[in-house]
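Remarks on the structure that follows.
Since every read-out is calculated from the coordinates, none of them should be taken as a lab result. Just so we're clear, the structure is a prediction, and the values are computed from it rather than from any experiment. Don't worry about glycine lacking a Cβ; one is built from the backbone with ideal geometry, like all the others, and counts go over all protein chains shown.
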Amino acid sequence: MTLLQSLKNLVRSKSIHVAYVDVGSCNGCDIEVLACLAPRYDIEQYGIFVHNNPREADVLLVIGAYTPGWEEKLEGLWEKIPDPKVAIAIGNCPISGCLFARPHTLVDPPVAKHIPIAAQVPGCPPRPTEILSAILSVAPTVFKDYEVRK
Amino acid sequence: MPLSLVYYAKEFFRGEWARKFLAAKTAPLEIPPYFRNYPELTGKTCTHHLFCMMACPAPGAIDVIRTPEGWMPRIHIGHCIRCGLCVEACPNGVLSSGRILESIFYDNTRLSFSFRIDVDQTKCMGCGNCAVACPVNKLIDAQMSHGGRASTDDLLLKVREGKCQVLHVEKCTGCKTCEHHCPNEAIRVARLLEAVHAPEEDP
């Protein structure tokens, strides 16, 4: 990897574009993601931009316990995201199904069965701080040796 | 044109600009001490009453395992919803989370469990499986015979005149062993959890 490539990757890792998708949660984790955007946590000062378009996203935040309506749609959405990309599971639901993982329910957790998950943020819901530090900790690895891989 | 390039260069090669570009302004906020985080062990001895597991609303979030040092509750991160009910329900203060232990001490509140056993007399066929399987009965009368008949009346459950009878419901520990051993689903154990303020001290 040349110096120019590593410089480009460094600059890329300082501007992370985030899309979030709710695959059937109770809306609690969505509110915590929304709180990251508010002045108290201010996600944009870290160079993280949330605009909900998978075509220009680097990081996909997956929220929710994967209801049947999302079959094939979540995989399609994951394919729409250009490389390099990672997915982060936000909350207990995409990890274990949490309260919804009971007999005779229709949810199909974990989300890692359907798309590759790079990081998991447990909690019901997780604190905005935890979401923020998870995004910041995966950010350097997303673009690491990206140009070499390509 | 050359002048504007100079102007741009001057603007973008300032040390402050580069520092702001490369380093974030503030570190992520710290978790405050009063936050109810995942319960942690305080080091007190667990007496295996399993009230934490009974109070837990999330499936598979807590279990009590046997270690060489004794019984030990274990929290499963990814299942736990950090509600703190296990911390409040524990009679020994084995777990702690945030300021729950301090606040229940100052407010003098407690979660208390009581149990009710219902025997459906039309379904019960008096087999005595419940009375034989009951761990409380085993402690009182280890000699209890097959069929659930015994001479003493100190028992929790006993078969009398072909039907199961509940004698001392206050001895129940809510383990539901009887429920699992009943072939007819005739016996049901209800666990009643209630928050008590200023509980009277046991004499």
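Rounded, prolate or oblate for region A:60-150? Axes are the square roots of the Cα gyration tensor eigenvalues, ordered a ≥ b ≥ c, and the cut-off for rounded is a/c under 1.5.
Working: a/c = 3.06, a/b = 1.44, b/c = 2.12.
Note, shape of region A:60-150 comes out oblate.
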For this session: Output the lone cysteines of chain B: those with no second cysteine's C-beta under 4.7 Å from their C-beta.
Result: B:C46, B:C56, B:C80, B:C83, B:C90, B:C124, B:C127, B:C134, B:C164, B:C172, B:C175, B:C182
Problem set entry | Proximal lysines relative to B:K163, as straight alpha-carbon distance under 17 Å, when same-chain residues fewer than 8 apart are discounted | B:K123
Exercise. In straight Cα distance, which aspartates and glutamates are under 14 Å from B:K158, not counting same-chain residues fewer than 8 positions off?
Worked result: B:D118, B:D141
For this session: At a Cα cut-off below 22 Å, give the lysines reachable from A:K85, other chains included and same-chain residues fewer than 8 away excluded.
Result: A:K8, A:K14, A:K73, A:K113, A:K144, A:K150
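First measure r as the distance between the Cβ atoms of B:A18 and A:K80, then evaluate 1/(1 + (r/R0)^6) with R0 = 41 Å and state the FRET efficiency to the nearest 0.05. Numbers along the way, then the final one.
Values: r = 35 Å, r/R0 = 0.85.
With a Förster radius of 41 Å, E is 0.75.
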Exercise. If amide H atoms are built 1.01 Å from N in the plane of the peptide, which residues on other chains or at least 5 residues away come under 5 Å of the amide H of B:I75?
Worked result: none
Seminar exercise, completed: Extension length gain for B:I77 and B:A9 (0.36 nm per residue less Cα distance), in nm, is 19.4 nm
Seminar exercise, completed: With x for Gly and Pro, the residue-by-residue ³J(HN,Hα) of region A:8-16, computed from phi through the Karplus equation 6.51 cos²θ - 1.76 cosθ + 1.60 at θ = phi - 60° and given in whole Hz, is 4, 5, 4, 5, 4, 6, 8, 9, 9
Exercise. Where Lys and Arg each count +1 and Asp and Glu each count -1, what net charge lies around B:R82 among other residues with Cβ under 14 Å from its Cβ?
Worked result: -1
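Quick one: net charge of A:C29's neighbours, Cβ under 15 Å, K/R +1, D/E -1?
On the way: positive: A:R127, B:R82; negative: A:D22, A:D30, A:E32, A:E130.
Neighbour charge sum, excluding A:C29 itself: -2.
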For this session: Taking H placed 1.01 Å from N in the peptide plane, check which residues at least 5 places from A:V50 or on another chain put their amide H under 5 Å from its amide H.
Result: A:V18
Seminar exercise, completed: What the 20 Å binned alpha carbon P(r) of the protein assembly as shown shows, as percent of pairs per bin from 0, is 23, 41, 25, 10, 2, 0
Problem set entry | Amide H partners (placed H, <5 Å) of A:S25, local residues excluded | A:A65
Seminar exercise, completed: Computed from the beta carbon distance with a Förster radius of 22 Å, FRET efficiency for B:T42 and B:S112 to the nearest 0.05 stands at 0.60
Exercise. Let a ≥ b ≥ c be the square roots of the eigenvalues of the Cα gyration tensor of chain B; is it rounded (a/c under 1.5), or, if not, prolate (a/b larger than b/c) or oblate?
Worked result: prolate
